[in-house]
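See structure below.
Derivation of every value follows stated rules applied to the coordinates shown; laboratory data play no part. These numbers come from a predicted model, not from an experiment. Counting neighbours? That spans all protein chains shown, and the Cβs are built from the backbone with ideal geometry, glycine included.
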2 protein chains.
Amino acid sequence: MPASTVVQALPFTGAQLDRADELRADPGRVAATAKSSEARLVAAGLGDVALESGKPRLLRVPADGRLDPSTAILLGLEAGVPLFGVDLEALGESERGELLAGARRATLREAGMELSRPEGGLAAYASALLNWHRTHRFCANCGARTVIVDAGLERRCESCGAHHFPRTDPVVIMLVEHEDRILMGSRSGAPEGRYSVLAGFVSPGETPEDAVIREVWEEARIEVHDPAYVAAQPWPFPASLMLGFEAVGAGGEPVIGDGELDDVRWFPRQDVAAASRGEAWFQLPGEVSIARTLIERWLARAP
Amino acid sequence: MPASTVVQALPFTGAQLDRADELRADPGRVAATAKSSEARLVAAGLGDVALESGKPRLLRVPADGRLDPSTAILLGLEAGVPLFGVDLEALGESERGELLAGARRATLREAGMELSRPEGGLAAYASALLNWHRTHRFCANCGARTVIVDAGLERRCESCGAHHFPRTDPVVIMLVEHEDRILMGSRSGAPEGRYSVLAGFVSPGETPEDAVIREVWEEARIEVHDPAYVAAQPWPFPASLMLGFEAVGAGGEPVIGDGELDDVRWFPRQDVAAASRGEAWFQLPGEVSIARTLIERWLARAP
């Protein structure tokens, strides 16, 4: 697969919703839209989403008056149809059962593999936004309860006046190459034998390139240079944005740095290729992740 | 200036501190370090930092027992010297006066222009981290007060157990070109005659590339394709990470989309070059910003 095709096929990218900024800025119109017969609900929980039974498609249930206009979270307009997000964790058992009648629940990872790019992108967006609302009901500045404004793209504190916007955490993930080998580690708590490229959160006041260099040093004591951006992937577990890089390692034996890894080592090309076919002593990350994309892209290039 | 030189010279990049992950994970060692004679304080307020008088250098004041170990924010080690961050907004007038004796205060923008890259990067890091602590004293999940852990790289809620990490907001900023013209807008509330390339926050579940396409459509009703990453810049106002892109515009007349701009139009190369020399009817963004870097990089390329 050519590199560009690999990157374009990344799961969780490609949501195609109109965010409807004008509509969402008008609470009266939002309320009318939430009560309209066109309104549909997209449901997600902590780590899973609701799919149509037997179809590779997110569930879209008629709202049928279920929405409270003051707390409705408008995802956007899909070819004119208003889609609202519903947090499955916030529903009682009978409400949830009624909403999901005839539907099935899939983990986000399963959904990312099974769905088309626009559907997977919508799953990522709905999950990320609902995750944020679920864990941000209070004002970080003063501790008071916050209210939903902008139909769910903001929460506001009526006590201290602070505005709160959905949070997205930039994370770097990097394929580090040295003489036709790549650096991979086994994360503490990961499945036995699972190795992946290194990753870490971007710190305050840091560029992604700085973060690539710092994280590889902290985790493996390998110096890297020339980090080059490849592609990005939303990773709503709960709200990350993975920024994929390639970088050149200075060589030397990696050493576990900061305790996040159980093991870290260089893997030669033929071993990585064998693992990609499922014929090695170790496993690569799943195809849903940009980690696997970076690895397959490297394998696809002539050495 | 070659493109790579332009990008490397970006203000606010290049902090060179060891974050000292092992040290900060040990509260006893952090307390001893905060009380040691080596400890130095770097001071920042809401939008400004303290500099040495007469030198292009951040102030580093001996801590002299001023730090409370339970709330000390360790920025990191600078050639072995522990640097702690102090929020000027949290000090009383006399404490602040004593701390700043012989120092001067500069806005972050001034500091970004005046300081070397490592010093400007440290200013950005200290400001971003102190901004976050100032506005995140309470748990967004349950509303209780949070405590500082990991010597300032985390806040934890002892009531519900939630972990909170410093927030960094990814923002795309994009130079859109069409037939040797670039798209710039004048933002509502900006100084009269100031035009810049467009920018906007990355939404949940969205890639930066998606955000480039969406934002240019929302703000200017121009279709763009082939967004390509150029470079990034921390922008601690209060906690953004600017992801700089170039993209190709489909042409057509831009129209103000969502009300964030007062005006938006195509600017031909000769007009942008004149503005870069200060000889046009409009002003470009200041040299401290990645916006200006994207513009100068485009000007430096042969058409």
**OP:** Place the label 7 angstrom along Cα→C-beta at A:GLY65 and in each other copy, then list the distances from the first to the rest in nm, shortest first.
**Re:** 7.2
Original post:
In 20 Å bins starting at 0, how do the alpha-carbon pair distances of the protein assembly as shown split up by percent?
Top reply: 18, 52, 28, 1
**OP:** Give, rounded to the nearest 20 debye, the magnitude of the charge dipole that chain B has about its Cα centre when Lys and Arg contribute +1 at Cβ and Asp and Glu contribute -1 at Cβ.
**Re:** 900 debye
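Per residue of B:155-166, how many C-beta atoms from partner chains lie within 10 Å of its own C-beta, taken as a mean?
Working: counts 1, 0, 0, 0, 0, 1, 0, 1, 0, 2, 5, 6.
Across the residues of B:155-166, the mean count of other-chain Cβ atoms within 10 Å is 1.
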Subject >> Within a Gaussian network of chain A (alpha carbon springs, distance under 10 Å), most fluctuating of A:ALA72, A:ALA190, A:ALA228 >> reply: A:ALA190
Original post:
Using the Cβ atoms and a cut-off under 11 Å, what net charge is assigned to the surroundings of A:GLU253, where Lys and Arg are +1 and Asp and Glu are -1?
Top reply: +2
Subject >> Teacher prompt: B:CYS142 distances to equivalent labels in other copies, 7 Å Cα→Cβ, nm >> reply: 2.3
Original post:
For segment B:90-158, what is one quarter of the convex hull surface built on the Cα atoms, given in nm²?
Top reply: 6.3 nm²
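Specify, per residue and in Å³, the volume enclosed by the convex hull of the alpha carbon atoms belonging to segment B:59-113.
On the way: hull volume 6.4 nm³, N = 55.
Convex hull volume per residue, Cα atoms: 116 Å³.
How much of the DSSP bridge set in segment B:3-133 is antiparallel, in percent, rounded to the nearest 5? Each step should come with its number before you reach the end.
On the way: 15 of 20 bridges.
Percentage antiparallel, nearest 5: 75.
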**OP:** Give the percent of DSSP beta bridges with both residues in the protein assembly as shown that are antiparallel, rounded to the nearest 5.
**Re:** 75 percent
Subject >> Approximate spin-label separation B:GLU223-A:ARG137, in nm, with each point projected 7 Å along Cα-to-Cβ >> reply: 4.4 nm
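Under the definition of partner shielding as Cβ atoms of other protein chains within 10 Å of a residue Cβ, what is the mean value for peptide B:239-250?
Working: counts 2, 0, 11, 1, 7, 0, 0, 0, 0, 0, 0, 0.
Per residue, the number of nearby Cβ atoms from other chains is 2 on average.
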**OP:** In a Gaussian network model over chain A where Cα atoms closer than 10 Å are linked, find which of A:LEU198, A:LEU91, A:LEU261 has the largest mean-square fluctuation.
**Re:** A:LEU91
Original post:
How large is the dipole of segment B:1-91 about the Cα centre if only Lys and Arg carry +1 and Asp and Glu carry -1, each at its Cβ, rounded to the nearest 20 debye?
Top reply: 180 debye
**OP:** Rank-order A:206-214, A:101-109 by packing density, defined as the average count of other C-beta atoms within 10 Å over each peptide's residues, highest first.
**Re:** A:206-214, A:101-109
**OP:** Place +1 on the Cβ of every Lys and Arg and -1 on the Cβ of every Asp and Glu in the protein assembly as shown, take the dipole about the Cα centre, and give the residue among A:PRO11, A:MET242, B:LEU153 whose Cα lies farthest towards its positive end.
**Re:** B:LEU153
Subject >> Listed residues B:SER188, A:ALA220, B:VAL172: farthest to the positive end of the dipole of the protein assembly as shown (Cβ charges) >> reply: B:SER188
Original post:
What per residue convex hull volume, in Å³, do the alpha-carbon atoms of chain A yield?
Top reply: 157 Å³
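Dipole size in debye (nearest 20) for the protein assembly as shown around its Cα centre, Lys and Arg Cβ +1, Asp and Glu Cβ -1?
On the way: 62 positive and 88 negative charges, 136 e Å.
The calculation lands at about 660 debye.
I need the calculated FRET efficiency for the pair B:THR107 and B:GLN270, taking r as the beta carbon distance and R₀ as 45 Å, to the nearest 0.05. Write down the numbers at each step before the final one.
On the way: r = 33 Å, r/R0 = 0.73.
That pair, B:THR107 with B:GLN270, gives E of 0.85.
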Subject >> Ratio of the Cα radius of gyration of segment A:169-300 to 2.2 N^0.38 Å, where N counts its residues >> reply: 0.96
Original post:
Averaged over peptide A:69-78, how many Cβ atoms belonging to another chain are found within 10 Å of each residue's Cβ?
Top reply: 0
Original post:
How do A:276-282, A:248-254 rank on mean C-beta neighbours within 10 Å, highest first?
Top reply: A:248-254, A:276-282
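What does the net charge come to around B:ASP226 if you take all other residues with beta carbon closer than 10 Å to its beta carbon, with K and R at +1 and D and E at -1?
Values: positive: none; negative: B:GLU209, B:GLU246.
Every neighbour counted, the sum reads -2.
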**OP:** Straight distance only, please: which aspartates and glutamates reach the Cα of A:LYS55 with their own Cα at less than 17 Å, same-chain residues fewer than 8 apart left out?
**Re:** A:GLU110, A:GLU114, A:GLU119
**OP:** Could you work out how far the C-alpha centroid of segment A:166-193 sits from that of segment B:238-303, in angstrom?
**Re:** 36 Å
**OP:** Return the whole-Å distance between the Cα centroid of segment B:75-92 and the Cα centroid of segment A:87-165.
**Re:** 37 Å
Original post:
Nearest-5 percent of antiparallel DSSP beta bridges in chain B?
Top reply: 75 percent
Original post:
Which Cα, out of A:ALA199, A:GLY97, A:SER289, lies furthest along the positive dipole direction of the protein assembly as shown (beta carbon charges, K/R +1, D/E -1)?
Top reply: A:GLY97
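Largest first and in whole Å, give the semi-axes of segment A:3-135's equivalent ellipsoid, each being the square root of 5 times a Cα gyration tensor eigenvalue. Each step should come with its number before you reach the end.
On the way: eigenvalues 112, 68, 33 Å².
The answer is 24, 18, 13 Å, longest axis first.
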